[in-house]
1. Express in nm, to one decimal, how much length is gained between residue 203 and residue 3 on full extension, taking 0.36 nm for each residue of separation and deducting their alpha carbon distance.
2. Need one number: nm distance between label points at residue 160 and residue 195, each 7 Å from Cα along Cα→Cβ, rounded to one decimal.
3. Give the Rg/Rh ratio for the stretch 2-58, taking Rg as the radius of gyration of the Cα atoms and Rh as the Kirkwood radius, to two decimals.
4. For the ranges 194-206, 144-156, what's the packing order if you count other beta-carbon atoms within 10 Å of each residue, average per peptide, and put the highest first?
5. Per-residue counts of other Cβ atoms within 10 Å, averaged by peptide: what ranking do you get for 83-92, 41-50, 98-107, highest first?
6. Work out, step by step, the length gained on full extension between residue 75 and residue 187: first 0.36 nm times the residue separation, then minus their alpha carbon distance; give nm to one decimal.
7. Residue separation times 0.36 nm, minus the C-alpha to C-alpha distance between residue 25 and residue 109: what's the value?
8. Compute the Rg to Rh ratio over the stretch 1-130 from the alpha carbon atoms, using the Kirkwood formula for Rh, and round to two decimal places.
């Protein structure tokens, strides 16, 4: 009875000792006596204690920093370069096996591979082009890492180039150049705006002068038209004595305004007034005959 009790207790202890719970964020590889036996998915798994061994691998996305390094660019400048790599182990059985059996410490390997790849890429670029083509550098780095780690069971999610810092003296010179270019652009913009304003004012003055000229022309044309219509009306409506009356009214208005009339010598006043009124003077002989 005691033997069966001890055997039962031993079985219970072995059973509980062999329980392995795999979280959803992990996958497991079960080895038996140093040889791969089976794949463990998330959830309940059981192994033989002392004979089997389980290795759990995290399959969530991870980030490693490719430590900052000095890289000589194509224009012989030392640039401080740093990058980050985001990756994860694929969840299928072959990928999980690959990250354990095909590479030793895949995380360390990724960092060194990224550093080497960055040196190869940036070494062919000038400092200016390296700063302006970050997207291209990220794409080439991502492509190289994907190709080199294809047998490791790893997915390179993305790569991010953190910084490309030139030497301090070069950075100061670049800042001065950028400042000078910005000042130049601002000066050109100001000159263009001033020129535009001056041109607009010039056009406004020309428009104003043209308007004044047109107004004077229209005014003169109106006065000429009024005079023409007045003459036509006079010729049409002021006939005979009416014309004489009209001329006398003109003389009267002239005298009312203190107009000065110069009378030539040996000229009769009545003849002058008659001429101003449009009346022909009487001849002396006719005047004598009438008087007699």
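Where a number appears in this text, it was derived from the coordinates with a stated rule and is not lab data. None of these values were measured; they are calculated from a predicted model. Note that each Cβ is placed from the backbone with ideal geometry, even for glycine, and that neighbours are counted across all protein chains shown.
1. Values: separation 200, 0.36 × 200 = 72.00 nm, distance 11.74 nm.
Length difference between fully extended and current span is 60.3 nm.
2. For residue 160 paired with residue 195, the spin-label model returns 4.5 nm.
3. Working: Rg = 13.4 Å, Rh = 12.2 Å.
Result for the stretch 2-58 is an Rg/Rh of 1.10.
4. Numbers: 194-206: 10.0, 144-156: 17.8.
The peptides rank, most packed first, as 144-156, 194-206.
5. Details: 83-92: 18.3, 41-50: 14.0, 98-107: 15.6.
The most tightly packed comes first, giving 83-92, 98-107, 41-50.
6. On the way: separation 112, 0.36 × 112 = 40.32 nm, distance 3.16 nm.
Additional length available on full extension: 37.2 nm.
7. Working: separation 84, 0.36 × 84 = 30.24 nm, distance 2.23 nm.
The span from residue 25 to residue 109 would gain 28.0 nm if fully extended.
8. Values: Rg = 23.4 Å, Rh = 18.3 Å.
Looking at the stretch 1-130, the ratio lands at 1.28.
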